[in-house]
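This report concerns only the one structure given below.
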Amino acid sequence: MKVLAVGGGGREHAAVEALYRSGSEIYSVMKNANPGIIARSKKYKLVDEKNVEEVCAFAKECGVELAFIGPEAPLEVGLVDALQAIGIKCASPTKAAARIETSKSFMRELINKYGIAGNLGYASFDNAADTEKYLKTLDHEIVVKPVGLTGGKGVKVQGEHLLSFEDTMDYVNEIFENNIGGAGVIIEEKAVGEEFTQMVFCDGKKVVPLPLVQDHKRAYEGDVGPNTGGMGSYSDGNHLLPFITQEERQAAIDIIQNVIDAMAKEGCPYHGTLYGQFMLTVNGPKIIEFNARFGDPEAMNVLSIIDTPFEKVCEMMADGTLSDDVQFVKKATVCKYVVPKGYGVKSETGKEISFDVDGIEKSGAVVYYANIDEKDGKLVTMSSRSAGIVGVADTIEEAEQNCEKALGYVKSDWIFVRHDIGKKELVQKRVDHMKQLRQ
């Protein structure tokens, strides 16, 4: 099948590799020259993924039959709607359905309207004065988020990033003054527990759950430092996580199914991969956010072990014919992102980086290129995460060791890795934390 793949990051490289294994003929569109995606593409075009006209013209010229859109920004500008209008099926949501991510207030209001479990207390504002007035009435810690898209980096939490009322108001003012994430601010109740990611495939009605993954947003080891797009993630061989029960996972899947049902009732049925970010609390899973796409890095964990041809899954999502029979290999995965030095504050860009792919693969791992570019035949770092290295094995511990071995085959003087992801001590810390909260 001729498939259009949109986006040039690690998540998109993982999707392209899965499509390639399915036998797809791939035509790709991206801003940066991702060498992994280029290697698998019959033809590619370097263009801003939000340039709907150019992307559609390229898709038409190549005769593509099916499209997979990786990042959120082209979804927000209606790329799916435009592709569908020229007869191309999409395994990604329309502009209206993508509001589950592109508008945090839409998401919270939808959950509220339909009385879906797992919602957090929230209030949204379009100016700093009203936000301040509201904050002065609260007697509990909160989370501050811009209402719109911020590439996973806009969330600040009282008690972690915001240590005083002044800090909170400084951030609120910064959001409004710099128009971060567009339309305003949302204040949410702070949930206490362990975060986990439950992604699903969806065909407008039915959901098929993917293995659970836990992401690590904080830049530095020990869960400190600025929030990032995600420094790495792990999944377990049984597709649960060591701190979560099957019943708790099922509660999260039920929440997602109820959200999908609500969206169909609202006239914006959801097709594509949906990312559910939850906080596991003593009162069950609470909704942190939904994304209208795969998580990044979580896509790399699950797509490394998908056993059903991904092209077939994308076609079923687009056609509304999703089957329960989507299989994943019973393996654990650990992904660690190689990022430019200074990432999360100010990245070192334009620095040379190289990968010994054979060495990485012999280590029991796989590399997915992300925010790197090719210049004069050499790979160079850009401002965001450079590449994800995913170790695969029977246990988290072995997958982590494979990942570490593979990292030895990445060469650059200008990179940084959060090495504690997937290590026994950090996983145990999560287990102990939930045990303590449940007492």
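When we screen Ile187, Ile180 for residues that are surrounded by 15 or more Cβ atoms within 10 Å (Cβ to Cβ), among the aliphatic types (A, V, I, L, M) and touching a Leu at 6+ places or on another chain (Cβ under 8 Å), the only hit is Ile187. Determine whether Ala97 is small (Gly, Ala, Ser), in contact (Cβ under 8 Å) with a residue 40 or more places away in the chain and in contact with a helix residue (DSSP H, G or I) (Cβ under 8 Å, 6 or more places away or on another chain). In short, yes.
Do we have Asp358 as open to solvent by 20 Å² or more (accessible area, probe 1.4 Å), over 24 Å from Leu46 (Cβ atoms), in contact with a Phe, Trp or Tyr (Cβ under 9 Å, 6 or more places away or on another chain) and of a type in the set (Asp, Glu) here?
When the stated conditions are applied, Asp358 passes them.
Taking residues in the range 384-407 that are free of Cβ contacts under 8 Å to residues at least 60 places away in the same chain and assigned to a helix (DSSP H, G or I), and partners anywhere that are open to solvent by less than 20 Å² (accessible area, probe 1.4 Å) and polar (S, T, N, Q), the pairs with Cβ atoms closer than 8 Å and at least 6 places apart or on different chains are Lys405/Ser363; Ala406/Ser363. Here's a check for you: in the range 1-25, which residue that is free of Cβ contacts under 8 Å to residues at least 40 places away in the same chain and either in a helix (DSSP H, G or I) or of a type in the set (Lys, Arg) (or both) is most open to solvent (accessible area, probe 1.4 Å)? Residue satisfying both the conditions and the ranking: Tyr20. Evaluation of Asn112 against the conditions (1) of a type outside the set (Phe, Trp, Tyr); (2) free of Cβ contacts under 8 Å to residues at least 24 places away in the same chain; (3) touching a Cys at 6+ places or on another chain (Cβ under 9 Å) shows that the sole unmet condition is (3). Is at least one residue of the range 407-419 within 24 Å of the chain's Cα centre (by Cα) and among the small types (Gly, Ala, Ser)? Looking through the range 407-419, none of the residues is within 24 Å of the chain's Cα centre (by Cα) and among the small types (Gly, Ala, Ser).
The set of residues in the range 310-330 that are outside any helix (DSSP H, G or I) and surrounded by fewer than 16 Cβ atoms within 10 Å (Cβ to Cβ) comprises Gly320, Thr321, Ser323, Asp324, Asp325, Gln327, Val329, Lys330. Looking only at residues of the range 162-177 that are open to solvent by less than 50 Å² (accessible area, probe 1.4 Å) and farther than 14 Å from Asp126 by Cβ, we find that the one that is farthest from the chain's Cα centre (by Cα) is Ser164.
Elements of the type strands (runs of 3 or more DSSP E) sitting completely within the range 26-143 and holding at least 1 residues that are within 26 Å of Met263 (Cα to Cα), open to solvent by less than 40 Å² (accessible area, probe 1.4 Å) and of a type in the set (A, V, I, L, M, F, W, C): these cover 66-69, 122-125.
Could you tell me whether the range 386-403 includes any residue that is within 23 Å of Gly342 (Cβ to Cβ), open to solvent by 30 Å² or more (accessible area, probe 1.4 Å), out of contact with any strand residue (DSSP E or B) (no Cβ under 6 Å at 6 or more places or on another chain) and not β-branched (Val, Ile, Thr)? Even if it seems obvious, please write down each step before you answer.
Going through the range 386-403, the residues within 23 Å of Gly342 (Cβ to Cβ) turn out to be 386-389, 403.
Filter once more, keeping what is open to solvent by 30 Å² or more (accessible area, probe 1.4 Å): none.
No; the residues of the range 386-403 include none that is within 23 Å of Gly342 (Cβ to Cβ), open to solvent by 30 Å² or more (accessible area, probe 1.4 Å), out of contact with any strand residue (DSSP E or B) (no Cβ under 6 Å at 6 or more places or on another chain) and not β-branched (Val, Ile, Thr).
I'm checking my understanding of the structure. Among residues of the range 408-427 that are open to solvent by less than 90 Å² (accessible area, probe 1.4 Å) and part of a helix (DSSP H, G or I), which one is nearest to Thr245 (Cα to Cα)? So, considering only residues that are open to solvent by less than 90 Å² (accessible area, probe 1.4 Å) and part of a helix (DSSP H, G or I), the one nearest to Thr245 (Cα to Cα) is Val427.
The values are calculated or read from the model by the stated rules, or taken from the named source; none is laboratory data. Note that the structure is a prediction, hence the values are computed from the model and not measured. In this analysis, Cβ positions are derived from the backbone assuming ideal geometry, glycine residues included, and neighbour counts consider all displayed protein chains. Ligands, DNA and RNA are stripped out before the accessible areas are found, and what is left, the full protein with its side chains, is counted by its heavy atoms. Shrake-Rupley method; radii C 1.70, N 1.55, O 1.52, S 1.80 Å.
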